[in-house]
Amino acid sequence: ASPFNRENAMVMVLDGEGDDCSATIYVAKDGVLRQIARSPRSASLGIFYASVTIFLGMKALEHEYKVMGLAPYAKDEDVERVLTKLRGIIYPDPSNPLVFRSRFNTWDTLHFLDDQFRRTRFDHLAGAAQRLVEELVVDWVNAAVACTGIRTVVLAGGVFMNVKVNKLLMESSSVERLWAMPSAGDESSPIGAAYLASQELGVRHFAPITNAYWGPSFTSSEVETALNESGAFGRYVVTRHDDINTEVARLLAAGGIVARFRGRMEFGARALGNRSILAHPGNPEIIRVINEQVKNRDFWMPFAPSILAEWVERYVAGTVKTPSPHMMIGFESTDLARSHLRAALHPYDLTMRPQMVTRDDAPDYHDLLTKFEAITGRGGVLNTSFNIHGKPIVMSPRDALAAFAECGLTVMAIEDYLVIKTLDSKSH
């Protein structure tokens, strides 16, 4: 799947468990994977992190990103105090640093947390858990690079949904190039199955993944039918536009919040502009408005930006070893980004998880961002998924219209149509 699939690369897989293991390392050469290390399921960083998520009152295998988002708020000295107790739960095998071992079966982590941290502040524990995973994973990858001499690294598995871990790997001097599988959790398993079946049929090389717009799209007539069936033409102000991106760019530039439904749906856990809620990124007050209208996100959680690829060097601090078009890697922000994109950065540490949008991979979305840039002088927008809190991202026009009717959003661009709630329609 990676852009390095015709080169020698090291493939790191890190998840909760699978095939009775929790971490594996492969050397990829000429389309063939050769496993060089395997860690048991009893020493699972994924299960450890899921257990912390449960202990903090959230849902395992769903809310780990909330623990990651909470972690930066804790002070270093508080994190270190808790981390002292966590270190040693999971550790590199003294005889082989490519393999993880554990003090006890990590499936029993909840018992340990309940015994040791029942009265520990929630942010201190979140910060320490995140720091432990960061330290262990960075050391693990560095050790694998030292062992193999291969500095091109490909990441897969649900633990690598942790963009802060991926950020540190991007910054590591031992890693020359880095690529993370889009939406690297269990949801990407069907893609792996397709690759496996293709290899068994004799295919050795594949075109790398560029964009992730693999879902359904809908014709204008299907959208119009959904508008009619929902009663939108009588309930809202509905207009059709030959250049909907210009209209949306104007609304965003004026401070509006626009739900965008256009083209093929994106695959995976990240909204990539086609089923997104977009907003002007410069005003942090917009966060509260979006949360009150539709998202109801936890108060500490950041939103993310979509930025034009042409602006990456101006917004991202440090070296971008490989572009990140799928929101899989965190980055430090520049002073300009902190001015232009403040509402789309982490509120506390000002890092960001950008979608780097290119004209080749997302021409229509790139066009919208370019038109927004022409009006505002900013190379990105705030982007969050188009869904009601706790429900899946919308897929069909009917889904979009149902979500729009249920929430406080007032503007939706659905293909070539602009749908606007009036005061009267909102009262109903």
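The values are calculated or read from the model by the stated rules, or taken from the named source; none is laboratory data. These figures come from a predicted structure and were not determined experimentally. Here the Cβ is made from the backbone with ideal geometry for all residues, glycine too, and neighbour counts use every protein chain on show. The accessibility values were calculated without ligands, DNA or RNA, using every heavy atom of the protein model including side chains. Shrake-Rupley method; radii C 1.70, N 1.55, O 1.52, S 1.80 Å.
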Quiz item: Going by the structure shown, is residue 37 of a type outside the set (Val, Ile, Thr), modelled with pLDDT of 95 or more, closer than 29 Å to residue 204 by Cβ and open to solvent by less than 20 Å² (accessible area, probe 1.4 Å)?
Solution: yes
Quiz item: Just for the range 48-78: of the residues that are in a helix (DSSP H, G or I) and farther than 26 Å from residue 185 by Cβ, which one is nearest to the chain's Cα centre (by Cα)?
Solution: 76
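The rows are residues; the columns are (1) within 18 Å of residue 69 (Cα to Cα); (2) open to solvent by 40 Å² or more (accessible area, probe 1.4 Å); (3) not small (Gly, Ala, Ser).
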{"position": "297", "(1), (2), (3)": "yes, yes, yes"}
{"position": "324", "(1), (2), (3)": "no, no, no"}
{"position": "329", "(1), (2), (3)": "yes, no, yes"}
{"position": "351", "(1), (2), (3)": "yes, no, yes"}
Practice problem: Tally the residues that are assigned to a helix (DSSP H, G or I), surrounded by fewer than 24 Cβ atoms within 10 Å (Cβ to Cβ) and β-branched (Val, Ile, Thr), restricting the search to the range 119-137. | Solution: 1
Exercise. Answer yes or no as to whether residue 148 is touching a residue at least 12 places away in the same chain (Cβ under 8 Å), hydroxyl-bearing (Ser, Thr, Tyr) and touching a strand residue (DSSP E or B) at 6+ places or on another chain (Cβ under 9 Å).
Key: yes
Exercise. With the condition kept exactly as written, say whether any residue in the range 361-369 is acidic (Asp, Glu), more than 20 Å from residue 281 (Cβ to Cβ) and within 21 Å of the chain's Cα centre (by Cα).
Key: yes
Quiz item: On the given criteria, is residue 418 open to solvent by 20 Å² or more (accessible area, probe 1.4 Å), touching a helix residue (DSSP H, G or I) at 6+ places or on another chain (Cβ under 7 Å), among the hydrophobic types (A, V, I, L, M, F, W, C) and not in a helix (DSSP H, G or I)?
Solution: no
Quiz item: For residue 12, all conditions in the list (1) open to solvent by 10 Å² or more (accessible area, probe 1.4 Å); (2) in contact with a Leu (Cβ under 7 Å, 6 or more places away or on another chain); (3) closer than 30 Å to residue 322 by Cα hold save one; what is the number of the exception?
Solution: (1)
Quiz item: Of all residues in the range 190-223 being under 12 Å from residue 397 (Cβ atoms) and without any contact (Cβ under 8 Å) to a residue 60 or more places away in the chain, which is surrounded by the most Cβ atoms within 10 Å (Cβ to Cβ)?
Solution: 217
Self-check item: Some residue of the range 85-96 being polar (S, T, N, Q) and open to solvent by less than 40 Å² (accessible area, probe 1.4 Å)
Solution: no
Quiz prompt | Count of residues meeting criterion [among the hydroxyl-bearing types (Ser, Thr, Tyr) and over 17 Å from the mean Cα position of the chain (by Cα)] in the range 294-324 | solution = 2
